[in-house]
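These notes concern the structure reproduced below.
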Amino acid sequence: MRSVVTGLGACLPKRIVSNDDLAKMLDTSDEWIIQRTGIRQRHIAGEHEPTSVLGLRAAEAALADAGLTSAEIDLIIVATATPDYTFPSVATQIQAGLGMTHGAAFDVQAVCSGFVFAIATADKFLLSGSHKRALVIGAETFSKLLDWTDRSTCVLFGDGAGAIVLEAREATGTVADRGVLTTQLRSDGRHREKLYVDGGPSTTQTTGHLRMAGREVFRHAVGMVNDIVNASFSATGITGADLDWFVPHQANRRIIEASADKLGIAREKVVITVDLHGNTSAASIPLALATARDDGRIKQGDLVMIEAMGGGFTWASALIRW
Ligand code: UT7
């Protein structure tokens, strides 16, 4: 069996905030942000657009794309670090929003790597035979976690959601199969202080704000991306030259391009949306997938490598034949 992607959908809040808009409230500039990160704008959620609402819209779009109703889904996994509430999970709220009272729904938390961790989790459920069709959603409202007086972090992030439908289908067991061909996950909790939120229910009883030692994270990022994409290459015998598309987590254009160059992936195969969305954490990969599918780049049968690294640290990759 393979877990095949049969639907894809995305949702971005309407409000767009440009670098120039930020320069009106902070000591920053369009030039600095573009040069250091590649970001030109980000979408910011409104008062009535919590993570579950963005995730629900993306899930509905993915179901419509797959030609399915929620009655045919039996598993919902949401990757998020910005839940509406400490509990219940965003996944159960989306389940209710879809009118589902069957199946299982839960969140996974691996920050920016969350969508890849969620795909790996769903894939194992589907391959075990316990479930048949999963909605895997990355949904975030990082704007709510930011310290809007800290220019070193608040210019980097945005809000959004993306979702895929994964369906268990019989396969031949070769890399010619459609579906998830391998998933590779890593974590190393010693790096907590480089990227974390300074609050939580069992410490401060507050939500806290995102804190990042940007240069330190940057220093680790390219090596971790390299390590995890090479793990997917080794597991499948695929190389950078074989890929049709490289869809990385969208944190920083410089990290993305340096990683692609090191991995022997041609720049024209790299999907970049950080300019439009900023860093949307677990939503960034499904948003980038939706962008590249909608503009005609990603087509059925294409070999797509996704990867991410983020808080924890966590880092992960998955090779998918679309
Ligand atoms: O998604 C999870 C993974 N996260 C990441 O991958 C993020 C990784 N890190 C990065 O992308 C980069 O480190 C940043 C974009 C966050 C920062 O770029 P950098 O080239 O590492 O800059 P820096 O932090 O070394 O700061 C350089 C200068 C500093 O001034 P001094 O000390 O050189 O005088 C900062 O104070 O830029 C200053 N600075 C700013 N200037 C204008 C920091 N933020 C800003 C800003 N506008 N927004």
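Structural remarks
- The ellipsoid equivalent to the alpha-carbon distribution of region 2-169 has semi-axes of 32, 15, 14 angstrom, derived from the gyration tensor eigenvalues as √(5λ) and listed largest first.
- Taking the chain as a Gaussian network of alpha-carbon nodes connected by springs under 10 Å, the highest mean-square fluctuation of the residues Val274, Val136, Val175 belongs to Val175.
- Gaussian network model of the chain, Cα within-10 Å springs - most flexible of Asp74, Asp27, Asp159: Asp27
- Intensity falloff of region 257-296 expressed as log10 I(q)/I(0), Debye formula with alpha-carbon point scatterers, at q = 0.14, 0.21 Å⁻¹: -0.34, -0.72
- Environment charge at Arg267 (Cβ cut-off 9 Å; Lys +1, Arg +1, Asp -1, Glu -1): -2
- Equivalent ellipsoid semi-axes, region 90-162, via Cα gyration tensor eigenvalues times 5, rooted, Å: 30, 15, 8
- Note on region 236-319: the alpha carbon radius of gyration divided by the globular reference 2.2 N^0.38 Å gives 1.02.
- Distances between placed amide hydrogens fall under 5 Å for Gly7 paired with Val165, all partners being 5 or more residues away or on another chain.
- Near Ala79, once Lys and Arg are set to +1 and Asp and Glu to -1 for all other residues with Cβ below 12 Å from its Cβ, the sum equals -2.
- Relative contact order of the chain, taken over Cα pairs closer than 8 Å and 6 or more residues apart, is 25 percent.
- Of the cross-linked pairs Lys262/Lys299; Lys132/Lys194; Lys194/Lys269; Lys24/Lys194, those separated by over 32 Å at the C-alpha level are Lys132/Lys194.
- Whole-percent carbon and sulfur share, accessible surface of the chain, 1.4 Å: 51 percent
- Alpha-carbon gyration tensor eigenvalues x 5, square-rooted, for the chain, Å: 28, 24, 18
- Net length available on complete extension from Trp148 to Arg267 is 39.5 nm, with 0.36 nm assigned per residue and the Cα-Cα distance removed.
- GNM result for the chain, Cα springs below 10 Å: residue of Leu303, Leu135, Leu68 fluctuating most strongly: Leu68
- On a per residue basis, the chain carries 41 Å² of accessible surface, using protein heavy atoms and a 1.4 Å probe.
- Helix-only [θ]222 nm of the chain, DSSP H runs n ≥ 4, -39500 (n - 2.57) each, per residue, nearest 500: -9500 deg cm²/dmol
The values are calculated or read from the model by the stated rules, or taken from the named source; none is laboratory data. Owing to the predicted nature of the structure, the values given are computational and were not obtained by experimental measurement. Quick reminder, even Gly has a Cβ in these numbers, built from the backbone with ideal geometry, and neighbours come from all protein chains shown. Calculation scope for accessible area: heavy atoms of the full protein, side chains included, ligands and nucleic acids excluded. Shrake-Rupley method; radii C 1.70, N 1.55, O 1.52, S 1.80 Å.
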